[in-house]
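Structure, as structure tokens:
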Amino acid sequence: MDVLNIILKLIRENYKSNAAFERELGLTPLTVSDWKRKKSESYLKMLPKLSECFNVTTDYLLGNYTADTITPATKEQVKLAIFGDSDITDEDYEEAIIQARTARQIREQRKRNKTG
């Protein structure tokens, strides 16, 4: 799978829409659409930021992995890692995910404020 398809797959898996992804990363509207239509390859300059966003390595984004080295975590494994127990409601799980994304957005904004 090429870099762009890996990124698009991660967007589909982690965001409700391309617009939500674009907002979170501070991208202009239709950025993902431009990527899909091959009008822009700006994602190549963003690999470190994208790897942090999706919690994967840049090697993963570049396709430098094999099926036997990457095992996606199940929802139950994530619940266990976050809460120490997998017997958590889906509502509590989703709330934790929202809070984690919000915290990441705040960190990103602080970084931008420091460098800007």
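Any read-out appearing in this document is the output of simple, stated calculations on the displayed coordinates, not a laboratory observation. A quick note: this is a predicted structure, and the numbers were derived from the prediction, not measured. Neighbour counts are summed over all protein chains in view; Cβ atoms, including those assigned to glycine, are modelled from backbone coordinates with ideal geometry.
What's the extension gain from N64 to T89 if we count 0.36 nm per residue and subtract their Cα-Cα distance?
Once the chain is fully extended between N64 and T89, it gains 5.5 nm.
Considering the options W35, I97, I11, tell which one lies farthest towards the positive end of the dipole of the chain, charges being +1 on Lys and Arg and -1 on Asp and Glu at the Cβ, about the Cα centre.
The one lying farthest along the dipole's positive direction is W35.
Give the aspartates and glutamates whose C-alpha is closer than 13 Å to that of K36, dropping any in the same chain fewer than 8 places away, or say none.
Cα-Cα hits under 13 Å: D2.
Would you mind giving the three semi-axes, in whole Å and largest first, of the ellipsoid equivalent to the chain according to its Cα gyration tensor?
On the way: eigenvalues 127, 77, 38 Å².
With the √(5λ) rule applied to the chain, the semi-axes are 25, 20, 14 Å.
Between I106 and K45, what length comes free when the chain is fully extended (0.36 nm per residue of separation minus the Cα-Cα distance, one decimal in nm)?
Values: separation 61, 0.36 × 61 = 21.96 nm, distance 2.20 nm.
So the chain would gain 19.8 nm between I106 and K45.
Lysines within cross-link reach of K49: Cα-Cα under 17 Å, excluding same-chain residues under 8 positions apart?
K9, K111, K114
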